[in-house]
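Here the structure comes first, spelled out in structure tokens, and everything after it is commentary.
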Amino acid sequence: MSQSFTRFHFLCSGIDHATEAKRKLIRLYGQSSLEDADVIVVLGGDGTMLQNLREFMNTDKPLYGMNRGSVGFLMNEYKIKDLPERIANAQLETIKPLRMIAETVDSDPVEALAINEVALFRQSYQAAKIRISIDEHVRLEELVCDGVMVATAAGSTAYNLSAQGPILPLEAPLLALTPVSPFRPRRWGGALLPETVTVKLDILETEKRPVNAVADNIEVKSVTSVTVREDKNSRVKILFDPSHSWNERILTEQFRH
């Protein structure tokens, strides 16, 4: 970024070593208010970062994470020294979330934002049956599976990767549509979609084969249909050290063996 940053606001998860790290950093660099801070520094793991990315959506405040949790793909290495210089030289990325609209039989539609993915998964012992439409055109009449998800580039290395979905560079204008344990069509491996599309997932046999929907950590039970699209009005900024950039981590993940 090559700018001067001197005002930080430190946030942390509730675990002890994140809290201790916050105390040390405040002693060194002070604690500015949220309103006055140039950068919000998040101490914890990816879950803590995701929570704060949603919290500071559309505030134009960049977030810089340092790993004090168990998972840290969104986090930089934890170091106390030279924090202003590290942040000044960090690479700025902009993340665009998905908006989920989940419909159920018994309640009003539920809307939620997802930075990683919107995922559907079977609620009972029986496989889910889901019809997939893209921009109101049915592309798959019936997917029999444990679940299916729509993942952003930011989320492509999370649940999507565990389900054998593709890894997407952060600047790629794509979404990953990835099945979880597909039974029919057995060899269907998912699809890469333009980020501009609207995905509709209709649940078939809803009473016999109930399905839950989750936008990151917001869960809706027994959905009848779920619509997913990029939220064009929402943005959040995140900072990465050049040595730990998103693109570098994407390449590293793809060559792991």
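The values are calculated or read from the model by the stated rules, or taken from the named source; none is laboratory data. Quantities reported herein were computed from a predicted structural model and do not represent experimental measurements. Reconstructed Cβ throughout: ideal geometry from the backbone, glycine too, with neighbour counts over all protein chains shown.
Please tell me if E207 is out of contact with any Gly (no Cβ under 6 Å at 6 or more places or on another chain), under 29 Å from S107 (Cα atoms) and at pLDDT below 95.
yes
Can you tell me which residue in the range 90-145 is modelled with the lowest pLDDT, limited to those that are acidic (D, E) and under 27 Å from G47 (Cα atoms)?
Only one residue fits best here, namely E93.
Quick one: in the range 204-248, of everything that is within 25 Å of T59 (Cβ to Cβ) and of a type in the set (K, R), which residue is surrounded by the fewest Cβ atoms within 10 Å (Cβ to Cβ)?
Per the criteria, the residue is K232.
This table checks each residue for (1) modelled with pLDDT of 95 or more; (2) under 27 Å from T94 (Cβ atoms); (3) out of contact with any Leu (no Cβ under 8 Å at 6 or more places or on another chain).
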| site | (1), (2), (3) |
| --- | --- |
| L175 | yes, yes, no |
| P179 | yes, no, no |
| S245 | no, yes, yes |
| L251 | no, yes, yes |
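Take the conditions in a loop (DSSP other than H, G, I, E, B), more than 24 Å from the chain's Cα centre (by Cα) and either among the aromatic types (F, W, Y) or closer than 18 Å to N160 by Cβ (or both) and apply them to Y78. Does it pass?
Considered against the rule, which asks whether it is in a loop (DSSP other than H, G, I, E, B), more than 24 Å from the chain's Cα centre (by Cα) and either among the aromatic types (F, W, Y) or closer than 18 Å to N160 by Cβ (or both), Y78 comes out as no.
Restricting to the range 105-122, and then to whatever is surrounded by fewer than 17 Cβ atoms within 10 Å (Cβ to Cβ) and in contact (Cβ under 8 Å) with a residue 12 or more places away in the chain, can you tell me which residue is farthest from V223 (Cα to Cα)?
E111
Picking from R86, R54, which residue would you name as being more than 19 Å from the chain's Cα centre (by Cα) and at pLDDT 90 or above?
None of the others qualify; the one that does is R86.
Table: residues versus (1) surrounded by fewer than 19 Cβ atoms within 10 Å (Cβ to Cβ); (2) closer than 20 Å to K237 by Cβ; (3) touching a Cys at 6+ places or on another chain (Cβ under 7 Å).
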position	(1), (2), (3)
A18	no, no, yes
D38	yes, yes, no
D46	no, yes, no
N52	no, yes, no
T59	yes, yes, no
M66	no, yes, no
F73	yes, yes, no
A102	no, no, no
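Picking from K79, K24, which residue would you name as being without any contact (Cβ under 8 Å) to a residue 60 or more places away in the chain, in the same structural domain as E248 (by TED's automatic domain parsing), within 26 Å of R249 (Cα to Cα) and surrounded by fewer than 21 Cβ atoms within 10 Å (Cβ to Cβ)?
Checking each option against the conditions leaves just K79.
With the requirement that a residue be touching a residue at least 12 places away in the same chain (Cβ under 8 Å) and outside any strand (DSSP E or B), what does the range 123-153 give you?
Answer for the range 123-153, where residues must be touching a residue at least 12 places away in the same chain (Cβ under 8 Å) and outside any strand (DSSP E or B): Q123, S124, Q126, A127, D135, E136, D146, T152, A153.
Scanning the range 1-30 for residues that are in a loop (DSSP other than H, G, I, E, B) and touching a strand residue (DSSP E or B) at 6+ places or on another chain (Cβ under 6 Å), which turns out nearest to I115 (Cα to Cα)?
S13
With the condition being free of Cβ contacts under 8 Å to residues at least 60 places away in the same chain, I'd like the strands (runs of 3 or more DSSP E) fully within the range 154-257 carrying at least 2 qualifying residues.
So the answer is 174-180, 191-194.
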